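For reference, the structure discussed in these notes is given below.
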Amino acid sequence: MSVLIVGGGIGGLTTAVALHQVGITAHVYERAPELREVGAGFTIWSNAMKGLREIGLEKQALARGAELKRFHTLSPKGNVIDTEEMESIYRTADATSICIHRADLQQILADALPSEQIQTGKECVGVEQQAESVTLSFSDGTRAEGEIVIGADGINSAVRASLFGTETLRYAGYYCYRAIAKTNELPADEAIFGMAKGVQLGFFPFGRESQTYWFVCPNAPIVRGTNESRFDHKTFLSSIANPLPSHLGHIIRNTPTEDLIIGNVFDRPPRSTWGLGRVTLLGDAIHPTTPNLGQGACMAIEDGIVLADSIRRADNHITALRQYEQKRKRRTAMITRQSWRIGKIYQYENPLLVHLRTLTFRLPIAGWIGRKTQQRLLSSTLPKL
Ligand SMILES: Cc1cc2nc3c(=O)[nH]c(=O)nc-3n(C[C@H](O)[C@H](O)[C@H](O)COP(=O)(O)OP(=O)(O)OC[C@H]3O[C@@H](n4cnc5c(N)ncnc54)[C@H](O)[C@@H]3O)c2cc1C
């Protein structure tokens, strides 16, 4: 059986490793010239750690990332209004959660595959289905033929466009600064999340000594480029840093502007058809979500495990793809919708709503609802590979 995967991000690589684990060879075609250090930190929650466990990589991820045992929430004035101890949630979920550099997780996944299964510098520009096979065309003029194709090529997926045409992305109304600061004044296992007027922000240890991953998401019309004249990133970020406790302000102020990763936040409303014939989609290619629950990559990992399991069980490859899609639609749609709604609350502009939100977060009931929600998200089960 020949499986072709377009995209060597977290979703594509997880799927290839999961298939490898069940004895099926998949070839990954990645557009970038090499799998290099891109991105910043991200959270891999218990639900996805269990996915990594299924492919034998949970321990490696734990060793490279930082376990997040405690979350503090800050008010607009920089005071702690809630602290969540995560231990009991992780116990119920049967796995811990970490923050890790995206490149470190990508490397762990790539190292688990025979190197000849990943080809870089291969930009997919076309997908053609025949009765018994499917063919990919690449921008360098080469082609590859297989029995099924998995489009794991991210939010602007070419494979998705080949199935459904161009569908516009939905802008969330905020963009995001992400960066790695070369300083760490946070305890090794504590993360901080804050909300101010029209802005959410966070600080995370992520397993690299003396470094902190942080993000700031402000409301704004869509950003076309980081050099747009309406933006003075340094002045704006100083205004965000000023009310924060001094060690957090210091992390933002001491990050050079050239180290900032700046991107608009988009998602797509859930779609009922995920694939056609011999082609399916996975991860951001089909269900990109806003980052408010930190579950985008986690969903891509879950997808990969479920898809590998469906492929190995079904006699017919096409049936396997449709079964995988059925199994994943509901949960990923729930995450996309919930993340969108929570984002609207985190990004409140109206001073009255901001004030009410701060009061609400101080209430024990808010902590209880947050814990229940997390428990539900994190306690999902995945097939055994
Ligand atoms: C600000 C922000 C913070 C986030 N924080 C978190 C978090 O804390 N936790 C979490 O779980 N998720 C988080 N996410 C979401 C997460 O980054 C994505 O959901 C995840 O990366 C999706 O993985 P993927 O493999 O589906 O797609 P991608 O990571 O986008 O990978 C797609 C790959 O396909 C390649 N590619 C693209 N087009 C082609 C082509 N035509 N041919 C060949 N290759 C191609 C790309 O180069 C890339 O390597 C965050 C997202 C944002 C924007």
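The values are calculated or read from the model by the stated rules, or taken from the named source; none is laboratory data. Keep in mind that this is a model prediction, so the values were computed, not measured. Please note: Cβ atoms are built from the backbone with ideal geometry, for glycine as well, and neighbour counts cover all protein chains shown. Protein only, heavy atoms only, side chains kept; ligands, DNA and RNA dropped before computing areas. Shrake-Rupley method; radii C 1.70, N 1.55, O 1.52, S 1.80 Å.
Here the Karplus curve 6.51 cos²θ - 1.76 cosθ + 1.60, taken at θ = phi - 60°, turns the phi angles of the range 248-255 into couplings of 7, x, 4, 4, 5, 4, 8, 8 Hz, with x standing for Gly and Pro. Once both labels are positioned 7 Å from their Cα atoms along Cα-to-Cβ, the gap between Q326 and E87 label points is 4.3 nm. Is the shape of the range 65-216 rounded, prolate or oblate, going by the alpha carbon gyration tensor and its root eigenvalues a ≥ b ≥ c, with a/c under 1.5 for rounded and a/b larger than b/c for prolate? Here the range 65-216 falls in the prolate category. Accessible surface of the range 1-79, 1.4 Å probe: 48 percent of it comes from carbon and sulfur atoms. Between amide H atoms placed 1.01 Å from N, distances below 5 Å from V28 occur with I5, I118, Q119, all of them 5 or more places distant or on a separate chain. Can you classify the range 20-60 as rounded, prolate or oblate using the Cα gyration tensor, where a ≥ b ≥ c are the square roots of its eigenvalues, rounded means a/c under 1.5, and otherwise it's prolate if a/b beats b/c and oblate if not? The shape class here is oblate. Each residue, A333 and S272, gets one label point 7 Å from its Cα in the Cβ direction; the gap between the two is 0.8 nm. In the chain the longest region clear of GluC sites (Glu not before Pro) that are loop-assigned by DSSP and have at most 12 other C-beta atoms within 10 Å covers 229-348. Roughly how tilted is helix 364-378, in degrees to the nearest 10 and between 0 and 90, from the longest Cα axis of the chain? Approximately 20 degrees, to the nearest 10.
Here the 3J(HN,Hα) profile of the range 176-189, calculated from phi with Karplus coefficients 6.51, -1.76 and 1.60 at θ = phi - 60°, is 9, 8, 10, 7, 10, 8, 8, 7, 9, 10, 9, x, 5, 10 Hz, Gly and Pro shown as x.
Counted by Cβ distance under 14 Å from P243, the other residues give a net charge of +3, where Lys and Arg count +1 and Asp and Glu count -1.
Relative to the longest principal axis of the Cα atoms of the chain, the long axis of helix 102-111 makes an angle of roughly 30 degrees. Computed over neighbours whose Cβ is under 13 Å from that of D189, the net charge equals -3, Lys and Arg +1, Asp and Glu -1.
Note on K77/K384: beta-carbon distance plugged into 1/(1 + (r/R0)^6) with R0 of 45 Å gives a FRET efficiency of 0.40. Carbon-plus-sulfur accessible fraction, the range 197-292 (probe radius 1.4 Å, protein heavy atoms only): 51%. Averaging Cα coordinates gives a centre for the range 261-338 and one for the range 42-63; these two points are 18 Å apart. Annotation for F164 and W368: the two label points, set 7 Å from Cα along the Cα-Cβ direction, are 3.9 nm apart.
I'd like the distance separating the alpha-carbon centroids of the range 86-122 and the range 168-228, in whole Å. First find each Cα centre; the distance between them is then 21 Å.
Residues whose amide H comes within less than 5 Å of that of Y174, counting only those at least five positions distant or on another chain, are A220, V265 (H built at 1.01 Å from N in the peptide plane). Mean residue ellipticity, 222 nm, helices only, the chain: the sum of -39500 (n - 2.57) across DSSP H runs of n ≥ 4, divided by residue count and rounded to 500, is -11500 deg cm²/dmol.
Taken per residue, the accessible surface of the chain reaches 43 Å², heavy atoms only and a 1.4 Å probe. With angles folded into 0 to 90 degrees, how steeply does helix 10-21 sit against the dominant principal axis of the chain? Use alpha carbons for both and round to 10. That helix lies at roughly 50 degrees to the long axis.
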